[in-house]
1. Could you please tell me which pairs satisfy a Cβ distance under 6 Å, a separation of 6+ or placement on different chains, a first residue in the range 78-90 that is under 17 Å from F37 (Cβ atoms) and without any contact (Cβ under 8 Å) to a residue 40 or more places away in the chain, and a second residue that is part of a loop (DSSP other than H, G, I, E, B) and open to solvent by 40 Å² or more (accessible area, probe 1.4 Å)?
2. Determine which single condition L84 fails, assuming it passes every other condition in (1) more than 14 Å from the chain's Cα centre (by Cα); (2) at pLDDT 95 or above.
3. List pairs: first in the range 22-45 and under 17 Å from T79 (Cα atoms) and β-branched (V, I, T), second part of a helix (DSSP H, G or I) and open to solvent by less than 60 Å² (accessible area, probe 1.4 Å), Cβ under 8 Å, 6+ apart or cross-chain?
4. Can you spot a residue in the range 60-73 that is open to solvent by 80 Å² or more (accessible area, probe 1.4 Å) and at pLDDT 95 or above?
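The values are calculated or read from the model by the stated rules, or taken from the named source; none is laboratory data. This one's a predicted model, so the numbers in the text were calculated from it and none came from an experiment. Here the Cβ is made from the backbone with ideal geometry for all residues, glycine too, and neighbour counts use every protein chain on show. Areas reflect the complete protein model, heavy atoms only, side chains present, ligands, DNA and RNA absent. Shrake-Rupley method; radii C 1.70, N 1.55, O 1.52, S 1.80 Å.
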Amino acid sequence: VGKDDDLLKNCAALVALHPDEATDAVVNAAVRLRKPFLVVPCCVFARLFPERRLPREENDDGLDGKANNGKGKERPVETYADLLAYLARKHPSIRMEKL
């Protein structure tokens, strides 16, 4: 872990193309270390990361045929658009660009 920490602290930026399960870790590390980053996420992995949540829309009554699991005001991240929104919410300075 020590060498990895030094590597991250001394890098100019973090870049992750198709990072699969590492997407959150890359974004979290960049935010924590205040490093610029570029992430091109791929798969959503909704079943693998059920803790990824977004606020429900005002007009979303939760009657979408899916269990609410007691989360009430939140819904699971299930689509690519959801994943992008979820990642963008990690810090107010995160921007999204279409390549």
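1. Filtered contacts from the range 78-90: A88/M96.
2. For L84, the exception is condition (1).
3. Partner pairs satisfying both residue conditions: T23/L83; T23/L87; V39/T23; V39/V26; V39/V27; V39/L87; V44/D82; V44/L83.
4. Among the residues of the range 60-73, not one is open to solvent by 80 Å² or more (accessible area, probe 1.4 Å) and at pLDDT 95 or above, which makes the answer no.
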